[in-house]
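Asker: Provided herewith is a single structure, encoded as structure tokens, for subsequent inquiry.
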Amino acid sequence: MTERELRLKTAEIEKISHIDYFNIAISVDCVIFGYDDKELKVLLIKSDLEEFAGLFSLLGDLIRPDEDLETASYRILKERTGLDDVYLEQVQAFGSIKRHPSGRVITIAYYSLIDIKHHKMQLSHNELNWHPVNELKKLAFDHKLILDTCLLRLQQRVLETPIVFNLLPEKFSLRELQELYEAILGIGLDRRNFRKKISIKDWLIDIGEIENDVPHRPGKLYKLKPELKIKPARRKLQPGKS
């Protein structure tokens, strides 16, 4: 028997000798963004833990022993919203030792983008509802940190990729698009400069229609080029890639 063979150990021995290491739970938390009334919103649910009584939390759950990360993230979306065809992207892990009162739980954060007006959602239990992002001060667990981190990732991504269009209806005006960018970035944008930058990106198609029933001068309507539309259903996304 060689020296290398003598040093080998079974997986069971490894588990027994590091039993505490194999008793750490893993969860998924989903930051579900929507856009309505010129505000960026996030879907929250009232926490059912006594330690966080009265506080809202993100939608999340422990990963089951028989599922992987992506399956768990889509399961949570499906169970909470009834949707499984939305944009979903993994952001990062959060593993502070005391982030969960029940024990050591490491969570993987995802964010999702939903067109509120054109998706029928199951908003029925535990005060599940949309909340303006800029009005939130405190959430259960470390969910405010997770929300802020995902918002920062979204702000970085919308400047370079066309994921922002997942928050809009199929047809939209440049005014609506600018208002959405302003809501996400939290700043006002110069109209002329914004339109110039959008034109340079060459993302849009002028569909030859104008807005109806608007309180301002009707603007042209556009669509995202079909080849740029990100197919959301069960895509395996990695951080920073489209």
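Asker: Hey, any hits in segment 13-31 for a residue that's within 15 Å of W130 (Cβ to Cβ) and touching a residue at least 60 places away in the same chain (Cβ under 8 Å)?
Answerer: Yes: one or more hits.
Asker: What number of residues within segment 175-197 are surrounded by 12 or more Cβ atoms within 10 Å (Cβ to Cβ), over 29 Å from Y110 (Cβ atoms) and free of Cβ contacts under 8 Å to residues at least 40 places away in the same chain?
Answerer: Residues flagged as surrounded by 12 or more Cβ atoms within 10 Å (Cβ to Cβ), over 29 Å from Y110 (Cβ atoms) and free of Cβ contacts under 8 Å to residues at least 40 places away in the same chain within segment 175-197 amount to 1.
Asker: A further question on this structure: Going residue by residue through segment 138-154, is there one that turns out to be without any contact (Cβ under 8 Å) to a residue 24 or more places away in the chain, more than 21 Å from F52 (Cα to Cα), of a type outside the set (A, V, I, L, M, F, W, C) and part of a helix (DSSP H, G or I)?
Answerer: Let us first name the residues in segment 138-154 that are without any contact (Cβ under 8 Å) to a residue 24 or more places away in the chain, namely 144, 148, 152.
Add one more test, that the residue is more than 21 Å from F52 (Cα to Cα), and what stays is 152.
Among the residues that remain, those that are also of a type outside the set (A, V, I, L, M, F, W, C) are: none.
The answer is no; no qualifying residue exists.
Asker: Can you report the number of residues in segment 195-221 which are among the basic types (K, R) and either on the phi > 0 side of the Ramachandran plot or in a strand (DSSP E or B) (or both)?
Answerer: First, pick out the residues of segment 195-221 that are among the basic types (K, R): 195-197, 201, 217, 220.
Checking the rest, the ones that are also either on the phi > 0 side of the Ramachandran plot or in a strand (DSSP E or B) (or both) come to 220.
Residues in segment 195-221 being among the basic types (K, R) and either on the phi > 0 side of the Ramachandran plot or in a strand (DSSP E or B) (or both): 1 in total.
Asker: Follow-up question, since we're still on this one. Report, by residue number, each residue of segment 33-60 that is in contact (Cβ under 8 Å) with a residue 40 or more places away in the chain, surrounded by fewer than 16 Cβ atoms within 10 Å (Cβ to Cβ) and of a type in the set (A, V, I, L, M, F, W, C).
Answerer: Listed by number, the list holds a single entry, L49.
Asker: Sort through D66, D85 and tell me the only one that's farther than 15 Å from F33 by Cβ and more than 15 Å from the chain's Cα centre (by Cα). Walk me through it before giving the result.
Answerer: Values: D85 fails: more than 15 Å from the chain's Cα centre (by Cα).
One residue alone meets the criteria, D66.
To keep it simple, each residue is scored yes or no on (1) modelled with pLDDT of 75 or more; (2) among the hydrophobic types (A, V, I, L, M, F, W, C).
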position	(1), (2)
E5	no, no
N23	yes, no
E39	yes, no
V42	yes, yes
F52	yes, yes
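Asker: Restricted to segment 71-80, and to residues that are touching a Lys or Arg at 6+ places or on another chain (Cβ under 9 Å) and surrounded by 17 or more Cβ atoms within 10 Å (Cβ to Cβ), which residue is farthest from I32 (Cα to Cα)? If you could, list the steps in order and put the result at the bottom.
Answerer: Filtering segment 71-80 down to residues touching a Lys or Arg at 6+ places or on another chain (Cβ under 9 Å) leaves 71-72, 74-75.
Checking the rest, the ones that are also surrounded by 17 or more Cβ atoms within 10 Å (Cβ to Cβ) come to 72, 74.
On the way: A72: 15, Y74: 12 Å.
Once the filter is applied, the top-ranked residue is A72.
Asker: Within the bounds of segment 61-83, is there any residue that is within 30 Å of L168 (Cβ to Cβ), in contact with a helix residue (DSSP H, G or I) (Cβ under 8 Å, 6 or more places away or on another chain) and touching a residue at least 40 places away in the same chain (Cβ under 8 Å)? Reasoning before the result, please.
Answerer: Filtering segment 61-83 for residues within 30 Å of L168 (Cβ to Cβ) gives 61, 69-83.
Subsequent filtering for residues that are in contact with a helix residue (DSSP H, G or I) (Cβ under 8 Å, 6 or more places away or on another chain) retains 61, 83.
The next check asks that each one be touching a residue at least 40 places away in the same chain (Cβ under 8 Å); those that pass are none.
Looking through segment 61-83, none of the residues is within 30 Å of L168 (Cβ to Cβ), in contact with a helix residue (DSSP H, G or I) (Cβ under 8 Å, 6 or more places away or on another chain) and touching a residue at least 40 places away in the same chain (Cβ under 8 Å).
Rundown of residues vs (1) outside the structural domain of L69 (by TED's automatic domain parsing); (2) surrounded by fewer than 20 Cβ atoms within 10 Å (Cβ to Cβ); (3) under 15 Å from the mean Cα position of the chain (by Cα), yes/no style:
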| site | (1), (2), (3) |
| --- | --- |
| Y111 | no, no, yes |
| L128 | no, yes, no |
| L136 | no, yes, no |
| C150 | no, no, yes |
| L154 | no, no, yes |
| L167 | yes, no, yes |
| S173 | yes, yes, no |
| S199 | yes, yes, no |
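The values are calculated or read from the model by the stated rules, or taken from the named source; none is laboratory data. Keep in mind that what you see is a predicted model, and the values were worked out from it rather than measured. A quick note on method: Cβ atoms are made from the backbone with ideal geometry, for glycine too, and the neighbour counts reach across all protein chains shown.
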